[in-house]
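Have a look at the structure below, then the notes.
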Amino acid sequence: MFKFIDNHLEEIFMVFLLSLMSILIGAQVFMRYVMNDSLTWSEELARYAFIWATYIGVACGVKRNAHICVEAAVTKLPVLYQRYAAIVAHLMFIVFALMVVKEGYALTLKVLSFGQKSSALGIPMGWVYLAPTVGFGLVIIRLTQHVINEIKVIRNGLSGVE
């Protein structure tokens, strides 16, 4: 069960959020152009689902090692040093992600303390502002997994190169 969650957590959330967005926008188009009426809350919920999907998508990209990186200089290094460079890059990304989590959490607490609610749904805006904190928290977990994997490969003498 834990392995399934580890392998598919981000995808499950993204499928749910993107499906929700598609259904909401489709319902809004139907209501507006067929029923000549509109839903007051669907656009807002679709926007919040998009925000959450974006930050969960960052974690998914990190998990798949599909994020943008510059490899021009690194590919010229011997394989062992490429692994060390990957670890350094992951650690630098972790530092950035920690800053995002710290500031995102502080902002979330501040917004929740103001008691601000969304206009159509009436949900606390702190839940929307929590998306970067959760997304980059997952990024930290995935980057830590990559660092551990790189260390294991180095310890095994690069015999387990993927």
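Every number here is computed from the coordinates shown, using simple stated rules; none is lab data. Bear in mind the structure is a predicted one, so any value in this text is a computation, not a measurement. For neighbour counting, all protein chains shown are included, and Cβ atoms are generated from backbone atoms with ideal geometry for every residue, glycine included.
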>> Tell me the angle of helix 79-114 to the major Cα principal axis of the chain, expressed in degrees between 0 and 90 and rounded to the nearest ten.
In response: 30 degrees
> Equivalent-ellipsoid semi-axes (√(5λ), Cα gyration tensor) for region 111-162, whole Å, largest first?
Replying inline: 43, 9, 4
> Which of GLY122, THR40, TYR84 sits farthest toward the positive end of the charge dipole of region 2-155, with +1 on the Cβ of Lys and Arg and -1 on the Cβ of Asp and Glu?
Replying inline: TYR84
>> Translational diffusion coefficient of the chain at 37 °C, 0.692 mPa s, Stokes-Einstein with Kirkwood Rh over Cα pairs, in µm²/s as a whole number.
In response: 180 µm²/s
> In terms of modelled amide H atoms, which long-range or inter-chain residues lie less than 5 Å from the amide H of ALA120?
Replying inline: none
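Quick check: from the Cα gyration tensor, does region 16-112 come out rounded (a/c under 1.5), prolate or oblate? Write out the running numbers ahead of the final one.
Values: a/c = 5.24, a/b = 2.16, b/c = 2.43.
Note, shape of region 16-112 comes out oblate.
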> Any idea what angle helix 131-155 forms with the longest principal axis of the chain, computed on alpha-carbon atoms, 0 to 90 degrees, nearest 10?
Replying inline: 20 degrees
>> Rounded to two decimals, what is the ratio between the C-alpha radius of gyration of region 1-71 and 2.2 N^0.38 Å?
In response: 1.44
>> Rounding to the nearest 10 and keeping the result within 0 to 90°, find how far the Cα-based axis of helix 42-63 lies from the longest principal axis of the chain.
In response: 10 degrees
> Which FRET efficiency value, to the nearest 0.05, is calculated for PHE50 and MET1 with the Förster distance at 35 angstrom and r the Cβ-Cβ distance?
Replying inline: 0.75
> Rounded to a whole number, what is D in µm²/s for region 61-142 from Stokes-Einstein with the Kirkwood radius over alpha-carbon pairs (10 °C, 1.306 mPa s)?
Replying inline: 107 µm²/s
> In nm, what is the difference between 0.36 nm times the number of residues separating ALA72 and THR144 and their Cα-Cα distance?
Replying inline: 23.5 nm
> Size of the dipole of the chain about the Cα centre, Lys and Arg at +1 and Asp and Glu at -1 on the beta carbon, nothing else charged, in debye to 20?
Replying inline: 380 debye
